[in-house]
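Structure record follows, encoded as structure tokens.
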Amino acid sequence: MSDTPEKTFTLTNDETGESFKLPVIDGTTGPSTIDVRKLYSTTGYFTYDPSFTSTASCDSKITFIDGEKGILRHRGYSIEELTEKSNALEVAYLLLNGELPTKKQMEEFDHTITNHTMVHEQMHHFFRGFRRDAHPMAVMVAVVGAMSAFYHDSLDIWDEQQRTISAHRLIAKIPTIAAMSYKYSQGQPFVYPKNDLSYAENFLHMCFSLPVEDYKVSPVLAEAMDRILILHADHEQNASTSTVRIAGSSQANPFACIASGIASLWGPAHGGANQAVLEMLEEIGTKDRIPEFLERAKDKDDPFRLMGFGHRVYKNFDPRANVLRDSCHKVLAELGVENDPTLELAMELEKIALSDPYFADRKLFPNVDFYSGIILRAMGFPTEMFTVLFAVSRTVGWISQWKEMIEEPALRIGRPRQLYIGETERKYVPLKKRK
Ligand code: SDX
């Protein structure tokens, strides 16, 4: 990114006739930006963009999205190619380091992650404080945040080696903690990871193994889980990633930053949508009730939204939804539930919604959350675990974005301003004088 302004925008104050030249900064692809860093100091004005619809909060080399064309690339590689030819751990390496690993690098990374999958035995006691019916996302926020109470030797964010160790610990241990959250909610004993299993196989093993019988990981389910982990790994500056970046900009430790990302992801407008999609489909129940719910989704006075539809960036199909739709059919066929009524209902809902002008005019297409829940439920996960799985995958993106930010030449705390619309100065009125 060149700092020498070749191109500029001129901003004119029509009241005073004053003009200000603002530098334009081009990326390698995608929209260019108008550099407003000096706008306040030169004009006395702030920009106003409450939900950041037109704001680039940083520059990044990790993920590129073209919402109009439905393009998603990680370090330049398309999500379609990565889900077809790569695997979750290799994509984690790519996101973290910027390049696909050599054979030796992949072997070393695989060995490192595999040998960090256990958590400190004392962490098992954390779970005891929760009710068994606690939402597993509440458990994840707490236990991941508590990692900073156990791994004191990798909290110095200015030490490259400690940053790398923390990143590896998070990528390795989050699946274990997620599986423990699931087991705790089921009243079943925790299952230790096994070093002879792949990243996705190990996660399924820790979730579904029981002391009373061996659990054989189905290759189709392992492949589907691996694909789900790739598809959810990173997505540019979404709400939870922006939360992690803001937390990291205060120089908080990486475990605390990832815990803040988990908290943000939990919302039904964001990662919590996959759980909300299943709950919505269960509420709709049958195809004949679809029109009634589509009318509710259009009704501004009704808080109901078509969960799993719409996206701030994608104004075309979310490419991840396309990949997941294919995986859906494969997993359900493998499980012998290809006629899953929920999938049938989802596909009918998608067909009708996409032919409805309200959704078409607003370019509301299915997003990543629309199909993921159907696969996860078919695999045996309860709806409360869906967003936990999203968090397991997105931890890779969060820690990659955090590392990229910390390694920038001049890290500064993120501190937005505001448009103040409250009371102007007024004098205090003693209680006895108030009416
Ligand atoms: C994720 O940012 C990311 O990258 C997120 C994510 C990632 O990988 O990190 O992709 C993951 O969070 C996917 C999104 C999951 N959320 C849902 O599926 C929840 C349902 N979707 C909506 O809540 C909504 O579409 C959002 C939150 C996703 C996007 O909201 P925006 O960009 O603020 O859009 P908006 O609310 O301004 O909607 C524009 C119009 C409005 O109507 P009008 O005022 O123009 O008449 O579209 C309508 C909205 O009412 N609209 C919907 C709708 N989504 C938008 N109407 C009905 N159902 C919907 N789902």
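Quick check on my filter: what residues within segment 351-381 are charged (D, E, K, R), within 23 Å of the chain's Cα centre (by Cα), within 16 Å of the ligand (Cβ to nearest atom) and surrounded by fewer than 23 Cβ atoms within 10 Å (Cβ to Cβ)?
Passing the criteria: only LYS363.
For segment 295-326, how many residues meet the condition of being charged (D, E, K, R), near the ligand (Cβ under 8 Å from one of its atoms) and farther than 23 Å from ASP226 by Cβ?
Summing the residues that are charged (D, E, K, R), near the ligand (Cβ under 8 Å from one of its atoms) and farther than 23 Å from ASP226 by Cβ in segment 295-326 gives 4.
Among the residues in segment 329-346, are any modelled with pLDDT of 90 or more, out of contact with any Cys (no Cβ under 9 Å at 6 or more places or on another chain) and of a type in the set (Gly, Ala, Ser)?
no
Restricting to segment 5-15, count the residues that are in a loop (DSSP other than H, G, I, E, B) and modelled with pLDDT of 55 or more.
4
Looking only at residues that are out of contact with any helix residue (DSSP H, G or I) (no Cβ under 8 Å at 6 or more places or on another chain) and of a type outside the set (Gly, Ala, Ser) in segment 116-139, which one is surrounded by the most Cβ atoms within 10 Å (Cβ to Cβ)?
In this case the residue turns out to be HIS120.
I'd like to verify a number: residues in segment 147-159 that are under 29 Å from GLY187 (Cβ atoms) and either of a type in the set (Val, Ile, Thr) or touching a residue at least 24 places away in the same chain (Cβ under 8 Å) (or both), how many?
Of the residues in segment 147-159, 4 are under 29 Å from GLY187 (Cβ atoms) and either of a type in the set (Val, Ile, Thr) or touching a residue at least 24 places away in the same chain (Cβ under 8 Å) (or both).
Exactly one condition in (1) under 30 Å from ARG412 (Cβ atoms); (2) at pLDDT 95 or above; (3) under 24 Å from the mean Cα position of the chain (by Cα) is not met by GLU84; state its number.
For GLU84, the exception is condition (1).
Just to confirm my filter: which helices (runs of 4 or more DSSP H) fall fully inside segment 179-294 and include at least 2 residues that are within 16 Å of the ligand (Cβ to nearest atom) and modelled with pLDDT under 95?
In segment 179-294, 273-284 are the helices (runs of 4 or more DSSP H) which contain 2 or more residues that are within 16 Å of the ligand (Cβ to nearest atom) and modelled with pLDDT under 95.
What's the total number of residues in segment 291-311 that are closer than 13 Å to LEU345 by Cα and either acidic (Asp, Glu) or surrounded by fewer than 17 Cβ atoms within 10 Å (Cβ to Cβ) (or both)?
Selection size over segment 291-311: 1.
Look at segment 103-125 and say how many of its residues are assigned to a helix (DSSP H, G or I) and closer than 16 Å to ALA178 by Cβ.
Number satisfying all stated conditions: 3.
Among PHE52, PHE64, which is the only one that is of a type in the set (Phe, Trp, Tyr), modelled with pLDDT of 95 or more, under 21 Å from GLU408 (Cβ atoms) and not in a loop (DSSP other than H, G, I, E, B)?
PHE64
If LYS287 passes every condition in (1) crowded, with 19+ Cβ neighbours inside 10 Å; (2) in contact with a helix residue (DSSP H, G or I) (Cβ under 6 Å, 6 or more places away or on another chain); (3) closer than 16 Å to ALA346 by Cβ but one, which one does it miss?
Result: LYS287 fails condition (1) only.
Just name the residue that is farthest from ALA134 (Cα to Cα) out of those in segment 162-196 that are crowded, with 18+ Cβ neighbours inside 10 Å and of a type in the set (Ser, Thr, Tyr).
The qualifying residue farthest from ALA134 (Cα to Cα) is SER166.
The values are calculated or read from the model by the stated rules, or taken from the named source; none is laboratory data. As the structure is a computational prediction, the values presented were derived from the model and not from experiment. Note that each Cβ is placed from the backbone with ideal geometry, even for glycine, and that neighbours are counted across all protein chains shown.
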